[in-house]
Amino acid sequence: MTQDKILILDFGSQVTQLIARRVREAHVYSELHPYDMPIADIKAFAPKGIILSGGPNSVYDSDYQADPAILDLGVPILGICYGMQWMAHTLGGTVSPGDQREFGYARVETEDSTLTQEIYDDAPNQLDVWMSHGDKVTGLPEGFRRVGHTPSCPIAIMEHADKHLYGVQFHPEVTHTKQGSALIHRFVLDIAAAKPSWTMPNYIDEAVAKIRQQVGSDEVILGLSGGVDSSVAAALIHRAIGNQLTCVFVDHGLLRYKEAEMVMDMFARNLGVNVIHVDASGEFMRKLAGVTDPEQKRKIIGAEFVEVFQQEAGKRQNARWLAQGTIYPDVIESAGAKTNKAHAIKSHHNVGGLPETLNLSLLEPLRDLFKDEVRQLGVALGLPREMVYRHPFPGPGLGVRILGEVKREYADLLRRADHIFIEELRNTVDAEGVSWYDNTSQAFAVFLPVKSVGVMGDGRTYEYVVALRAVVTSDFMTAHWAELPYSLLGRVSNRIINEVRGINRVVYDVSGKPPATIEWE
Ligand SMILES: Nc1ncnc2c1ncn2[C@@H]1O[C@H](COP(=O)(O)OP(=O)(O)OP(=O)(O)O)[C@@H](O)[C@H]1O
Ligand SMILES: O=c1[nH]c(=O)c2[nH+]cn([C@@H]3O[C@H](COP(=O)(O)O)[C@@H](O)[C@H]3O)c2[nH]1
Ligand SMILES: NC(=O)CC[C@H](N)C(=O)O
Ligand SMILES: [Mg+2]
């Protein structure tokens, strides 16, 4: 790649990904690597600037040390929190444990500084920042100046303008730091002088060329779900290699209302992409019969997906590649998952874990992109906005939204209830053209296999319950339940009970994540 790049060295902060996003928002390409990336690799990467992340440790008793040689590369460096402390400590300054932790909002008074020039909002020499630290820099390394402080943090910003080394104790990458984005852009564009050439049209040209070169005249198979990631991957690969791409769309009987028609319409008929529609619902339903345990259900669905893929790939001799819609957060999270022993809450389905006998190499053209970039790419490739801005839909589909045993009858009821909910959310468009569908990150209905008593048309009913779930979240790791208007909930409830025979009660889920999760299984 010929563009200017920013390297982010990760010391283990919870918010390192946000640094990469802020840099990319300045249209500069950035990558995140572990703090101990070898210096030879750093030189080969040839960054225009380096940003050191925060981290949970204390520099004076931690193994989390980067190679000090990075400080002599002549490349501008911005250290954030632990990153600043590491720089100070390594260059002979002093870092001490504070008597109290500082967490949350703080106002930084700044002095004349190269870093903070031109980033103020209204009041000059004042920044509204978010802090999260216990240690602080109490003695500057040689050649550095203090250019910012708060009442409890004597050195909140330090700089060595000649060497282009900068440190901030606060977190400019989080949105709570009001001038944070501007500060990161100042560092990236002015100080590191990176050219802002990371744009979608440029990206498409490069990605297309790369795919053509990688694949040659081989055939590529891609699992198409109708979701955002696999759809955008399909459109991009199709742009690169046309008919050498074959998509496999698996109908497991647990898809949303008219999903299969929608996917075939869009990809096969409108975009001219080869799509094989495999109706495997019979097989999936048979395997799921009698199974009530959520983890077991997930495993059965995952294994069955692999089975279908294997059958389809086996039918084509020239198929040497399996394409996936893996995106950058997936890459970062699976790298993290290797090192931390977090509890497995749910086994997430994906097409990964395919058997070696399949003999396909992986093609993952979206693995450098964040979800919002994937969406921009989708629009730039000509996919309709309403498809690209859809809520995510899990691979196991309605299988994890029907509690306990999965039955066709339940899936049919749930599909219709879910469709009514989504339709009503989309119908609430305000003056700016924004609906409650846009204002929620994920919304769906859940089927509860319990019956309750109702009365309709003077008669007794004894039917199933549907729960509505709608959440607001930016990363799906934590989420708030959406405060949907009562009138909207009322309309949805009325329509479901009137239109879906077999359901006589609708409830709304008001649990956050944590302690609940977004899906019910
Ligand atoms: N019904 C399906 N048929 C074929 N492949 C599928 C199906 N469901 C899921 N997959 C595969 O599993 C992958 C992971 O699914 P995941 O839901 O994470 O991504 P997505 O569906 O592409 O996007 P989104 O996150 O917007 O739903 C998909 O990219 C796709 O390759
Ligand atoms: O592709 C997927 N395969 C899965 O097996 C799976 N399980 C959960 N999800 C999605 O992940 C996000 C977080 O969900 P939870 O809070 O329920 O864990 C939500 O967006 C869920 O829809 C999945 N996506
Ligand atoms: N957020 C951080 O980088 C914290 C750095 C260090 N662990 C401290 O408490 O000061
Ligand atoms: Mg999906």
Qualifying aspartates and glutamates (Cα of each under 19 Å from Cα of K48; at least 8 residues distant if same chain):
D4, D10, E25, E31, D36, D67, D72, E159, D162, E173, D190, D368
If each of V331 and V15 carries a label point 7 Å out from its Cα toward its Cβ, how far apart are those two points in nm?
2.4 nm
Residue-wise, which Karplus ³J(HN,Hα) couplings in Hz belong to the stretch 264-272, taking 6.51 cos²θ - 1.76 cosθ + 1.60, θ = phi - 60°, and x for glycine or proline?
5, 4, 5, 7, 6, 7, 7, 9, x
Within the chain, longest stretch clear of exposed chymotrypsin sites (Phe, Trp or Tyr not before Pro) (DSSP loop, no more than 15 other Cβ within 10 Å):
121-388
Provide the gained length on full extension for the span A516 to I276, in nm with one decimal, where the gain is 0.36 nm per separating residue minus the Cα-Cα distance.
82.7 nm
Taking placed amide H atoms and a strict 5 Å upper bound, the residues 5 or more places from Q442 or on another chain that come that close are V471
Efficiency by 1/(1 + (r/R0)^6): what FRET value for K346 and S487, r their Cβ-Cβ distance, R0 = 45 Å, to the nearest 0.05?
0.85
Long-range amide H partners of Y29, meaning residues 5 or more apart or on another chain whose placed amide H is closer than 5 Å, are I6, S197, W198
Hey, what do the phi angles of the stretch 47-64 turn into as Karplus ³J(HN,Hα) couplings, whole Hz, using 6.51/-1.76/1.60 and θ = phi - 60°, x for Gly and Pro?
x, 7, x, 10, 10, 9, 7, x, x, x, 8, 10, 4, 6, 9, 9, 7, 6
Long-range amide H partners of V291 with built H, under 5 Å
V406
Would you mind checking K407/K451; K299/K346; K346/K513 for any pair whose Cα atoms are more than 19 angstrom apart?
none
Residues of the stretch 184-209 with amide N under 20 Å of a point placed 7 Å along Cα→Cβ from R367
203-209
Rounded to whole Å, give me the distance from the Cα center of the stretch 92-139 to that of the stretch 289-327.
51 Å
Over the chain, what is the relative contact order in percent, taking alpha-carbon pairs closer than 8 angstrom and at least six residues apart?
10 percent
Summing -39500 (n - 2.57) over the DSSP H runs of n ≥ 4 in the chain and dividing by its residue number, what mean residue ellipticity at 222 nm do you reach, to the nearest 500 deg cm²/dmol?
-9000 deg cm²/dmol
Where the only charges are on Cβ atoms (+1 Lys, Arg; -1 Asp, Glu), what is the dipole of the stretch 5-191 about its Cα centre, to the nearest 20 debye?
280 debye
Between Y508 and D121, the FRET efficiency computed from the C-beta separation at R0 = 45 Å comes out, to the nearest 0.05, as 0.70
Kindly state, to the nearest 0.05, the FRET efficiency for V455 paired with D293, given R0 = 41 Å and r defined as their beta-carbon distance.
0.70
Euclidean distance of C-alpha centroids, the stretch 371-407 and the stretch 11-33, integer Å:
25 Å
Applied in sequence order to the stretch 510-521, the curve 6.51 cos²θ - 1.76 cosθ + 1.60 (Karplus, θ = phi - 60°) yields integer Hz couplings, x standing for Gly and Pro, of 10, 10, x, 10, x, x, 7, 10, 6, 6, 7, 10
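Taken together, the values in this text are just the output of simple stated rules run on the coordinates, not laboratory data. For clarity, every value in this text was computed on a predicted model and none was experimentally measured. Glycine gets a Cβ as well: all are built from the backbone with ideal geometry, and neighbour counts include every protein chain shown.
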